[in-house]
Amino acid sequence: MARISKEPIKWLDGTASLLPRHVIVVRVVSFTFRFGSIQQLRECLQYYEKKIHPSSRVAAKKIAADIGEDWRTQRGWEVERWFERLPMYLLEEPKRQKVIKALSKALGLAESKKL
């Protein structure tokens, strides 16, 4: 069973923040997703709705456009995209279905402002 909540952020980039900010937290299949916006939640849901994922290889021109021309001087983990850091067991079919169900429910709650 998934647990969905909205938690306040007291620290942002290592400094205390007086602005009220929240993060959407979805706990499902022994993993905790944290989303700073509804758009991030939508992107993650779209990723898990695909059963087969394309190659993670990205053209150098696209990386340069996203990160900057000096991307080659950065370390590999700084160039990694968010979905490349997720555990692979979440893509196993039974767990993927649970993740989709939990993220869909969280998206519905977030969009209806009930979260």
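The values are calculated or read from the model by the stated rules, or taken from the named source; none is laboratory data. Because the structure is predicted, anything quoted here is derived from the model rather than measured. Methodologically, a virtual Cβ is constructed for each residue, glycine included, from the backbone with ideal geometry; neighbour enumeration extends over all protein chains shown.
Taking the options Gly68, Gly108, name whichever one is more than 23 Å from Pro54 (Cβ to Cβ) and at pLDDT below 80.
Answer to the check: Gly68.
Which numbered condition trips up Ser104, out of (1) touching a residue at least 60 places away in the same chain (Cβ under 8 Å); (2) part of a helix (DSSP H, G or I)?
(1)
Note down all Cβ pairs under 8 Å where the first residue falls in the stretch 81-98 and is touching a residue at least 12 places away in the same chain (Cβ under 8 Å), the second is small (Gly, Ala, Ser) and surrounded by 11 or more Cβ atoms within 10 Å (Cβ to Cβ), and they're at least six residues apart or on different chains.
Lys98/Ala2
Can Val23 be described as outside any loop (DSSP other than H, G, I, E, B), surrounded by 10 or more Cβ atoms within 10 Å (Cβ to Cβ) and either touching a Cys at 6+ places or on another chain (Cβ under 8 Å) or at pLDDT below 95 (or both)?
yes
From Ile63, Ile100, Ile67, grab the single residue that is under 17 Å from the mean Cα position of the chain (by Cα) and surrounded by 13 or more Cβ atoms within 10 Å (Cβ to Cβ). Steps first, please.
Details: Ile63 fails: under 17 Å from the mean Cα position of the chain (by Cα); Ile67 fails: under 17 Å from the mean Cα position of the chain (by Cα).
Of Ile63, Ile100, Ile67, the one residue that is under 17 Å from the mean Cα position of the chain (by Cα) and surrounded by 13 or more Cβ atoms within 10 Å (Cβ to Cβ) is Ile100.
Quickly run through the stretch 31-41 and pick out the residues that are over 15 Å from Leu115 (Cα atoms), over 9 Å from the mean Cα position of the chain (by Cα) and surrounded by 13 or more Cβ atoms within 10 Å (Cβ to Cβ).
Passing the criteria: only Phe31.
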